[in-house]
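So the structure is just underneath, and the comments pick up after that.
No value in this document is a laboratory result; all are computed from the given coordinates. The shown structure was predicted, so the numbers you read here are calculated from the model rather than taken from an experiment. Cβ: placed from backbone, ideal geometry, glycine included. Neighbour counts: every protein chain shown.
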Amino acid sequence: KISSDHLCHSSFMGVSDCTSSLPEGSVFLTGLGSSKQVGHNVFVTRYPCTEQKDGLLLPVISEKPSAMSEENWNFICNMHFGLIMFASPLDQGDMSLPEQIACGDLDGDTYFVCWNSEIISNMTSSSYKESDEDSSVDLTEEDECNLLKAAINTNFGGKMCDATVVEKTKEGSYLVKSGELEKHMSYDEITEEREILVDICSHRGKGKSIEIEILWGNEVKSWKKMH
């Protein structure tokens with residue numbers, strides 16, 4: 001076990017779900033387990049990451065899934081740090097998560113995982129999924145697909161919490177949830193004073209000196225150190 005207080009990214013070796021109980025589309029990070037020091041979502045990619053669709057924003061499991069036994073939960077929570085466990089698709093004919101990440105697999109591939117709250121809060125899962133028409137998503141437009149499943153940091157009862165935009169209501173507001181907590185927010189409230197991250201363009205450096213180049217919604221690019 002390690003403390004992730006000083007970490008916001010690391011490399012993990014990809015493995016399959018040995019319990020067959022993780023919710024479809026989710027991941028589990030060994031060594032971090034149920035620490036809750038990582039938010040609800042993580043950004044996952046692998047080397048080389050050359051296309052926008054080579055990265056996925058995925059929900060990370062930190063509480064025992066209802067379908068998993070206590071024995072299996074305790075087993076994976078006590079595994080050493082360094083593995084990212086990918087849930088298997090319910091339909092065996094569907095493409096697995098590793099295959100969606102730059103055509104990866106589980107024969108020893110290493111995956112880059114980022115849980116930096118500032119970066120994750122500016123991402124939407126739709127911006128990292130290939131569209132049949134266009135793989136790019138204009139995140140500056142007030143459009144439902146821009147905000148659905150977006151990971152944000154917002155105030156619940158005086159406490160800032162990691163939350164997810166769940167759905168858009170008929171009235172035009174957005175339902176935002178953080179665990180059992182939920183509230184409705186307008187588009188302006190969600191995006192107010194929050195620069196939208198459009199793309200991660202490139203990276204440089206190694207180890208603790210890794211930097212990523214970010215394209216923001218105002219079309220400005222900047223380098224951010226991952227520390």
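For the peptides 105-111, 55-61, 168-174, 13-19, the ranking by packing is 55-61, 13-19, 105-111, 168-174, with the highest mean count of neighbouring Cβ atoms within 10 Å listed first. The range 99-123 and the range 9-23 have Cα centres lying 12 Å from one another. Treating r as the C-beta distance of Ser66 and Lys225 and R0 as 35 Å, the FRET efficiency rounds to 0.35. Separation of the alpha carbons by more than 22 angstrom is noted, of Lys64/Lys170; Lys53/Lys224; Lys159/Lys183, for Lys64/Lys170.
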